[in-house]
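**Student:** Can you keep this structure in mind? I'll have questions shortly.
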Amino acid sequence: MPTQPIKRKYSFSDGTLAELGDSLVMFAERDLAEMLNYGYDQPRIDGIKVKITTFKNFPPDEYYTGLLMVATADKNSKLKIISEVSEGIVRRAMNKFGKDTPEVKGFGWTGYITKTDSDKMVVNRLVHKAGTDNQAALSSEGLTALILGTLNTGITDADIAITKKQQRVSERDKAVSERVTIGNDLYSELVKLADTGKHIWEDVNEALYNDYVIYQSVANMQTVNGTVAPATIHQPSVVVNNVADEIEIEVTSGAVTVYFSDDPTDEPAPGQTTFDVSPGTPFSGTAAQLDWSTTNFRLLLKNSDALVPAVFSVVVRG
């Protein structure tokens, strides 16, 4: 099973964390004379500013999702090409030998459409070998060396595309963990800064004390806001690792289909549990209600509309 991303220590969105950092730094610089007594000189505050800037500049989910979707589309295109060539070869074998003959079964085509990408590649290689072995017999049905060569070249191209797609999946997972790690480090730093500010002004100045209060800090809660581009599948960077985890998903525009999978580009499988979320129809329930499992642990949002993006908010508690 792929490694799950690191959990957020902060309960609010990335944008809110960045805004919080800007506000607390501004207040700390205003109160620099008092902050100096607790080791917060200008260089230390500047160091926090650097962390805020690094966090702000780290690419969001949508960037890596875009790269992944491009690689997925390329993989699908190349796999479709060889699938059509292989199916044509198998059809020639059926015409020659008969549909349910041992010769045709040797091509391994049965159930091809439901197979995974890796298993489809196994079948395509088998079709190439069986077609090559039977080329003389199938020449009467139009099988040529050119067709077999096209399939062989296509198999190589599809292999490369599948590897590239898996590389993009790995890059996205790594980036999510890195972004959350940076965010967690920044949040820890801001909590210390805020606690110091509250200590300074407690029972001294209520208004200044309130400047350092961090609201919406809830343990074991993750919040992610974002957009699912038209005709794409998006994996928000939240971690769901238990059937009892509570999930709330809302969209303010557009609509998404929500489900779990082991691959961030998978369509819902036939008969799989899904939930359609639209404005006014949120999802609110547990991971169990969406059939979460240790193998299907990625929360996915599918936008089927070809034109309208879906703006979403995901909250996970647990």
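**Student:** Using the Cα centre as the reference, give the magnitude of the dipole from point charges on the C-beta atoms of the stretch 158-210 (Lys, Arg: +1; Asp, Glu: -1; all else neutral), rounded to the nearest 20 debye.
**Tutor:** 560 debye
**Student:** Continuing with the same structure: Mind checking which of V213, V191, V258 is farthest towards the positive end of the stretch 117-266's charge dipole, using Cβ charges of +1 (Lys, Arg) and -1 (Asp, Glu) about the Cα centre?
**Tutor:** Working it through, the farthest residue towards the positive pole turns out to be V258.
**Student:** Give the accessible area for M35 in Å² (nearest 10); use a 1.4 Å probe, count only protein heavy atoms, and leave out ligands, DNA and RNA.
**Tutor:** Roughly 0 Å² of M35 is accessible to a 1.4 Å probe.
**Student:** Heavy-atom accessible area per residue, the stretch 197-280, 1.4 Å probe: how many Å²? Spell out each step's value before the answer.
**Tutor:** Values: 4110 Å² over 84 residues.
Spelled out: the 1.4 Å probe surface of the stretch 197-280, per residue, equals 49 Å².
**Student:** Another question, if that's okay. Could you work out the helix-only [θ] at 222 nm for the chain, with each DSSP H run of four or more residues adding -39,500 (n - 2.57) and the total divided by the number of residues, to the nearest 500 deg cm²/dmol?
**Tutor:** -17000 deg cm²/dmol
**Student:** Arrange the residues I182, I45 by how much accessible surface each exposes, largest first, with a 1.4 angstrom probe.
**Tutor:** Order by accessible area, largest first: I182, I45.
**Student:** Tell me, what % of the accessible area of the stretch 190-318 is carbon and sulfur with a 1.4 angstrom probe?
**Tutor:** That share works out to 50 percent.
**Student:** So what's the net charge close to L151: Lys and Arg +1, Asp and Glu -1, counting the other residues with Cβ under 11 Å from its Cβ?
**Tutor:** Value of the local net charge: -1.
**Student:** So for the chain, taking the charge dipole from beta-carbon charges (+1 Lys/Arg, -1 Asp/Glu), which of L68, P279, Q135 sits furthest toward the positive end?
**Tutor:** Q135
**Student:** Here's another thing I want to ask about it. Excluding T54 itself, what net charge comes from residues whose Cβ is under 11 Å from its Cβ, given Lys and Arg +1 and Asp and Glu -1? Before the final figure, lay out the partial values.
**Tutor:** Numbers: positive: K49, K51, K56, R179; negative: E178, D185.
Once all neighbours under 11 Å are counted, the net charge is +2.
**Student:** With +1 on the Cβ of every Lys and Arg and -1 on the Cβ of every Asp and Glu, and nothing else charged, how large is the dipole of the chain about its Cα centre, in debye rounded to the nearest 20?
**Tutor:** 1540 debye
**Student:** Enter the angle in degrees (range 0 to 90, nearest 10) between the Cα long axis of helix 14-30 and the first principal axis of the Cα atoms of the chain, meaning the one along which they spread out most.
**Tutor:** 20 degrees
**Student:** What is the distance in Å between the Cα centres of the stretch 252-275 and the stretch 27-57?
**Tutor:** 43 Å
**Student:** Over the stretch 73-149, with every protein chain in place, what whole percent of the accessible area is carbon and sulfur at 1.4 Å, could you tell me? Could you put the intermediate results ahead of the total?
**Tutor:** Details: 2400 of 4310 Å².
Carbon and sulfur together cover 56 percent of it.
**Student:** Another question about this same structure. Quick one: net charge of T295's neighbours, Cβ under 13 Å, K/R +1, D/E -1?
**Tutor:** Numbers: positive: R298; negative: D262, D263, D266, D291.
Around T295, the charge tally is -3.
**Student:** Could you work out the relative contact order of the chain, using alpha carbon pairs under 8 angstrom and six or more residues apart, expressed as a whole percent? Could the numbers behind the result be given before it?
**Tutor:** On the way: 491 pairs, mean separation 76.2, N = 318.
Dividing the mean separation by the residue count of the chain yields 24 percent.
**Student:** If you don't mind, there's one more thing I want to ask. So, with +1 on the Cβ of K and R and -1 on the Cβ of D and E, and no other charges, what is the size of the charge dipole of the stretch 147-296 about its Cα centre, to the nearest 20 debye?
**Tutor:** 460 debye
**Student:** So which chymotrypsin sites (Phe, Trp or Tyr not before Pro) in the stretch 1-76 pass both tests, a DSSP loop state and at most 14 other Cβ atoms within 10 Å of the Cβ? Intermediate results must be reported in sequence, preceding the final value.
**Tutor:** Details: sites: Y10, F12, F27, Y38, Y40, F55, Y63, Y64; in loops: Y10, F12, Y40.
Counting only loop positions with at most 14 other Cβ atoms within 10 Å, none of the chymotrypsin sites (Phe, Trp or Tyr not before Pro) in the stretch 1-76 qualifies.
**Student:** What Rg and what Dmax come out for the stretch 185-314 when only alpha-carbon atoms are used, in angstroms?
**Tutor:** 18.9, 63
**Student:** Could you tell me how far the Cα centroid of the stretch 276-314 sits from the Cα centroid of the stretch 134-158, in Å?
**Tutor:** Rounded to whole Å, the Cα centres lie 43 Å apart.
**Student:** One-quarter of the Cα convex hull surface for the chain, in nm²?
**Tutor:** 20.6 nm²
The values are calculated or read from the model by the stated rules, or taken from the named source; none is laboratory data. None of the values given here were measured: they were computed from a predicted structure. Neighbour counts are summed over all protein chains in view; Cβ atoms, including those assigned to glycine, are modelled from backbone coordinates with ideal geometry. The protein model used for the area step is the full one, side chains on, heavy atoms only, and it has no ligands, DNA or RNA in it. Shrake-Rupley method; radii C 1.70, N 1.55, O 1.52, S 1.80 Å.
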